[in-house]
Amino acid sequence: MNRFQTLTPSQLSREEFVSVFADIYEHSPWVAEKAYDLGLDDSINEIDGLHQRMADLLLSASHADQLALINAHPDLAGKAAVQGELTASSTSEQAGAGIHECTAEEFVRFTTLNDAYKAKFGFPFIMAVKGSNRHQILAAFEERIHNSPEQEFACALAEINKIALFRLQQL
């Protein structure tokens, strides 16, 4: 297990804890609030321990809360990215995957797929893009758009939990 390098979560006040972990789940501080409210012990000083707690909270949340969290995520290569309106984490993640290097044709493909995906599923395409490039992301997009709504909802939650782990590992 890996301990956090820059902080000890179990020693933080509720306000500090929520401030530090509020955007581990995109624009959803309720996950950090509930994680803190479950009580502080040494297990949350381990990245995997805190991640498991937070992931379990997401997976046990109401469908409405899960959907709201999914919808808090930006489109990949979407308008928010182009206009510089992403969170720092999302900006870094998308840049790391080379999304900012899209050709005009690739950008059009992302836009077309984003629109088709949202029309079919009612929420944005979610993928933990760390370690991927824009070609792999487009391929995943084109494959997953054929899934059922139930499959994609579960996949979105799994991808969000991967993103959260990557974000915790940065602390």
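The values are calculated or read from the model by the stated rules, or taken from the named source; none is laboratory data. Bear in mind that the values here come from a model prediction, so they are computed numbers and not experimental data. Methodologically, a virtual Cβ is constructed for each residue, glycine included, from the backbone with ideal geometry; neighbour enumeration extends over all protein chains shown.
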Could you tell me which residue of the stretch 127-162 is surrounded by the most Cβ atoms within 10 Å (Cβ to Cβ), considering only residues that are modelled with pLDDT under 95 and under 23 Å from Met54 (Cβ atoms)? Val129
What do you reckon, is Gly49 surrounded by 15 or more Cβ atoms within 10 Å (Cβ to Cβ) and at pLDDT 80 or above? yes
Go through the residues of the stretch 126-144 one by one and say whether even a single one is part of a loop (DSSP other than H, G, I, E, B), over 30 Å from Thr6 (Cβ atoms) and without any contact (Cβ under 8 Å) to a residue 40 or more places away in the chain. no
Scan the stretch 25-42 residue by residue and report those that are loosely packed, with under 15 Cβ neighbours inside 10 Å and either assigned to a helix (DSSP H, G or I) or of a type in the set (A, V, I, L, M, F, W, C) (or both). Pro29, Asp37, Leu38, Asp42
